[in-house]
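The values are calculated or read from the model by the stated rules, or taken from the named source; none is laboratory data. A quick note: this is a predicted structure, and the numbers were derived from the prediction, not measured. Reconstructed Cβ throughout: ideal geometry from the backbone, glycine too, with neighbour counts over all protein chains shown. Remember, those area values only see protein heavy atoms, side chains included, never the ligands or the DNA or RNA. Shrake-Rupley method; radii C 1.70, N 1.55, O 1.52, S 1.80 Å.
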Amino acid sequence: MTQPFAATRRPSSRMAGVFVFAGALVLAPVILPGAANAQVLGYASSPQTSFPSDNIMVAPGQPALTDDGDGGATNVLPERLRRAIVNLDTREAPGTVIIDTGNTALYYVLGQGRAIRYGVGVGRQGFTWAGTQTISRKAEWPDWHPPAEMIARQPYLPRFMAGGPGNPLGARAMYLGASEYRIHGTNDPTTIGKFVSSGCIRLTNEDVADLFSRVDVGTKVVVLPKSGPHLQARAAMPVRAAATAARPAITRLPSGREAMNLSPSIN
């Protein structure tokens, strides 16, 4: 009689062991919440270093910028900040750069009452300036050496950053005389049209590359005061990049044949 009783007890013990193990798995997250959280935190990514608007970097998820432009960033600008040929009444000679600080606009004088207008970002409150300079140096994808005054205000800034898509000077830089000021690109087109910098003049990478191709070392740069009279530009029309070559246009003749024409680009 004892043997059958022992045989019936053996499966029950096994079932009890299974229930105990399953219960332990269910209660583990409740009993050990600290350990689970520690494991998750151990693999958390470190926060990205951020820079103020004066030193714009490429934001995570944005496409890298290339030598061809800024990924179409100019298209997101309002009409008054887009590159265009305008009628401009000025006594400055052709080839002169005029920066209308209050209107956040830069003009490249073409002559005969015309100029190319670019939208720009300028110095924030307390950092605007006015005067006449000349372009003393030009650089493509320039290295960035933050001035001592900027480092004193923002000690967390790097002392040096090599040129490239992530560099806050953008695709091009034109240095103004012996000053710390530059006309340069930016990786953040949302700052165009705003008072954001420490005195430098910024354009989109696409626009700064276009301006860079038009000016030379020695070019005169006139910076108008923020509170002074503003330039009145009229009748804007789009302008293509200076480096854009003429493209053949296909015209269908009445006979059904096709002819190829070259249409000059508007600079």
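What to note about this one:
- Number of the exception - residue 151 against (1) assigned to a loop (DSSP other than H, G, I, E, B); (2) open to solvent by less than 50 Å² (accessible area, probe 1.4 Å): (1)
- Looking across 133, 112, one residue alone is open to solvent by 10 Å² or more (accessible area, probe 1.4 Å) and under 26 Å from the mean Cα position of the chain (by Cα). It is 133.
- Residue 185 being in a strand (DSSP E or B), among the small types (Gly, Ala, Ser) and farther than 13 Å from residue 223 by Cβ: yes
- Tally of residues being surrounded by fewer than 13 Cβ atoms within 10 Å (Cβ to Cβ) and touching a residue at least 60 places away in the same chain (Cβ under 8 Å) across region 157-172: 0
- Count of region 82-96 residues which are out of contact with any strand residue (DSSP E or B) (no Cβ under 8 Å at 6 or more places or on another chain) and without any contact (Cβ under 8 Å) to a residue 60 or more places away in the chain: 1
- Leading residue by the ranking (farthest from residue 210 (Cα to Cα)) among those in region 115-130 that are within 21 Å of the chain's Cα centre (by Cα) and open to solvent by less than 40 Å² (accessible area, probe 1.4 Å): 123
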